[in-house]
Amino acid sequence: MSVYLHDIPLPEALARLEKALEEAGLSGSLDIEEIVLDENALGRVLAQAIFAKISSPHYHASAMDGFALRSEETAGAMPTAPVTLVYGKQTVYVDTGDPLPEWANAVVPIENTEALDEQGRLHPDPRQPNAIRIRAALPPWQHVRPLGEDIVATELVLPEGHTLRPVDLGAVAACGHDRVFVHRCPRVAIIPTGSELVPVGSVVTPGDIIEYNSLVLASQVNSWGGRATRLPITPDEYDTIRQEVKSAAQDHDLILLNAGSSAGSEDFSARVIESLGEVLVHGVAIRPGHPVILGMIHMKPQPVSESDPGTTGRVPIIGVPGYPVSAALTGEVFVRPLLERWTGRQVTEPAKVTAALTRKVTSPAGDDDYLRVAVGRVGGKMMAAPLSRGAGVITSLVRADGIVVIPRGSQGLPAGQQVTVNLYRPPVELEMTIFAIGSHDISLDILAQFLAVKGRRLASANVGSLGGMMALRRGEAHLAGSHLLDPDSGQYNLRYVHQYLPGVAVRIIALVGRQQGLLVMPGNPLGILSLQDVSDRQAVYVNRQRGAGTRVLFDYHLSQQGILPASIRGYEQEEYTHLGVAAAIRSGRAECGLGIAAAAKALELDFIPLYQERYDLVVPEEHYQSELLRPLWDLLQDQSFRRTVSELPGYDIEPMGIQIARIE
């Protein structure tokens, strides 16, 4: 089979893998092993059912500290007519858990007795009296744990296929077992390849890439019941990669070869796999992750030890794409189901929720598109806000509440479309999510940290101030960050609220005052001090997207100074956040851009202050009054939060929490 294949649909790719697994005898669970019952058994899957060897308890046990007795001899006892029992003849003292004498069938708690001496007076030692007096009758087996109350010998305690939990370990021990038979954990080798890769913690230079895909993949494997081995970074050398794969196949059940797997000159993955076995699939019609390779390494069976049969002679191998989001999703789509099958687990389905998309999304027509979304309930509607689509944007998975699969054949979905979200979080967490759509500001990130301590999540989508207004109009957010300047009045946000939210009761709450200015490279090599300098010196500018408050501010001052947008080199180059602008300048894609001082400091740029502005939160009245947002308003008066924001360069917290306007 050719090592360079075209993308094929996911069902066909899975069918090819399934056929190869069946032919190799790997379509079911792996070997069974007997292990000691200790804390290391946690999470293992039973390969044999657990039947009780002994009952629990295996004798009649006292459930209280008190006196064992015959219930019949307490008949008629009342507060006004107590019954006295002779110690040693009619009753004896027992601690909780002690076996009952054969003649006893009840226990009276010590606090419900009166200890008596030979003369019928109170005895100084309540545990060694001459007699006890009780003032209430006891029914048979009162305060007794009878034999088999919990478990009866021979009964089923846990079925085959059960994943052992902490309480299960106690139950297995209680019924007389000290060892259990479980499915062997699959051994998974993870081989990161790439001459540009450096280990976690390295001091990086341009061109270096921190290798963390193996960390993510290994954590996935371990959480899904496997045992991951992270091998050292292997340079892009065919013979070296081939030897590493061949060696890993000797004592592992699955190999994850993490590298770029396109048809480029430095792509050795498919060649290596074909040289050691066969390539089943090279390219699957899913995004992100379409360059994935599925293959099988052919090895002579070699036992690891007398007690460990080793591999079957066929070792599946998956060529994992190099981009981090693609790598993580490859694990979810291909690795997790395989490990669940091998460990005898039931194939798990994620919790699902139906939500409406907050904006239109486009998709490649020929691929299943895995769209990361943030999810929250706004009013009575569950909303899903699409996150960044880049295959290299690992933070989009960190921020994602779930995945929406857009099937191939469609070219996208419109805003408002109802979609099914496969959740990464428990559904209850979504009910505690505050949905913020609008302008980006670093203080929102700090707000999210403080809200997390108060049991709230702040999910932000950066679409610009105007985009936030439109989201509020469609009922897709609880609040929107905005700093839209009205050129005529000089006021912020009021005009736009009236224009875009007619008839909606809204409050405008000030969050911060902040400086806007020009971000430039350290030392300001072009000597830029004004917008006119940007135009005159043909500096490469990076702009904010249309509808962003910073874009409105920039266009306003260009107009005021008579500077044509066409004279700004790079005017059409756009970023969605202040930090995005700073990153573009730091990387050399641009030489300047309008943004906030905090973004300049974050990426060690120089900052030329130009304007002071106010950044507000626009909140519909129904959400302002809700219990969900109450912790947010409390934080605006919290001294610790205010101090943290005030330490950001160029920020003024004096207006924080002030109600600018209440629009009925």
Original post:
Within the set of pairs 6 or more residues apart or between chains, which connect a residue that is more than 13 Å from Val182 (Cα to Cα) and at pLDDT 90 or above inside the stretch 21-39 to a residue that is small (Gly, Ala, Ser) and open to solvent by 60 Å² or more (accessible area, probe 1.4 Å) with Cβ atoms less than 7 Å apart?
Top reply: none
**OP:** Would you please name the residue that is surrounded by the fewest Cβ atoms within 10 Å (Cβ to Cβ), looking only at residues in the stretch 348-377 that are under 22 Å from the mean Cα position of the chain (by Cα) and among the charged types (D, E, K, R)?
**Re:** Glu349
Subject >> strands (runs of 3 or more DSSP E) lying entirely in the stretch 119-236 (those with 2 or more residues that are open to solvent by less than 60 Å² (accessible area, probe 1.4 Å), in contact (Cβ under 8 Å) with a residue 12 or more places away in the chain and within 30 Å of Asp98 (Cβ to Cβ)) >> reply: 131-134, 156-158
Original post:
Can you name the residue in the stretch 397-453 that is within 28 Å of Ala600 (Cα to Cα) and among the charged types (D, E, K, R) and, of all such residues, is surrounded by the fewest Cβ atoms within 10 Å (Cβ to Cβ)?
Top reply: Asp445
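Taking Asp253 as the residue in question, decide whether it is modelled with pLDDT of 90 or more, open to solvent by 20 Å² or more (accessible area, probe 1.4 Å), within 23 Å of Val45 (Cα to Cα) and not small (Gly, Ala, Ser). Step through it out loud before you land on a result.
Values: modelled with pLDDT of 90 or more: yes; open to solvent by 20 Å² or more (accessible area, probe 1.4 Å): no; within 23 Å of Val45 (Cα to Cα): yes; not small (Gly, Ala, Ser): yes.
No, not satisfied.
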Subject >> Of all residues in the stretch 579-597 being in contact with a Lys or Arg (Cβ under 8 Å, 6 or more places away or on another chain) and part of a helix (DSSP H, G or I), the one that is surrounded by the most Cβ atoms within 10 Å (Cβ to Cβ) >> reply: Val581
**OP:** List every residue pair whose Cβ atoms lie under 9 Å apart, where the two residues are 6 or more positions apart in sequence or sit on different chains, the first residue falls within the stretch 492-509 and is among the charged types (D, E, K, R), and the second residue, located anywhere, is open to solvent by 50 Å² or more (accessible area, probe 1.4 Å) and part of a strand (DSSP E or B).
**Re:** Arg507/Gln659; Arg507/Ile660; Arg507/Arg662
Original post:
Listed residues Leu30, Leu26; which is in contact with a helix residue (DSSP H, G or I) (Cβ under 8 Å, 6 or more places away or on another chain), more than 30 Å from Val405 (Cα to Cα) and part of a loop (DSSP other than H, G, I, E, B)?
Top reply: Leu30
**OP:** Report, ordered by the first and then the second residue, all pairs with beta carbons closer than 8 Å, sequence separation of six or more or different chains, a first member in the stretch 285-297 that is in a strand (DSSP E or B), and a second member that is of a type in the set (Lys, Arg).
**Re:** Leu294/Arg16; Met296/Arg314; Ile297/Lys246; Ile297/Arg314
**OP:** Find the residue count for the stretch 34-47, including only residues that are surrounded by 14 or more Cβ atoms within 10 Å (Cβ to Cβ) and outside any strand (DSSP E or B).
**Re:** 5
**OP:** Test Leu603 against the criterion of being surrounded by 14 or more Cβ atoms within 10 Å (Cβ to Cβ) and in contact with a helix residue (DSSP H, G or I) (Cβ under 6 Å, 6 or more places away or on another chain), and give yes or no.
**Re:** yes
Subject >> Only listed residue being within 29 Å of Gln250 (Cβ to Cβ) and either open to solvent by less than 10 Å² (accessible area, probe 1.4 Å) or part of a helix (DSSP H, G or I) (or both), chosen from Arg336, Arg345 >> reply: Arg336
Original post:
Quick check: is even one residue across the stretch 591-612 touching a residue at least 24 places away in the same chain (Cβ under 8 Å) and closer than 30 Å to Arg377 by Cβ?
Top reply: no
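The values are calculated or read from the model by the stated rules, or taken from the named source; none is laboratory data. Just so it is clear, the model here is predicted, and its values are computed rather than measured. Positions of Cβ are backbone-derived with ideal geometry, glycine not excepted, and every protein chain shown enters the neighbour counts. Surface accessibility is based on the protein's heavy atoms, side chains included, excluding ligands, DNA and RNA. Shrake-Rupley method; radii C 1.70, N 1.55, O 1.52, S 1.80 Å.
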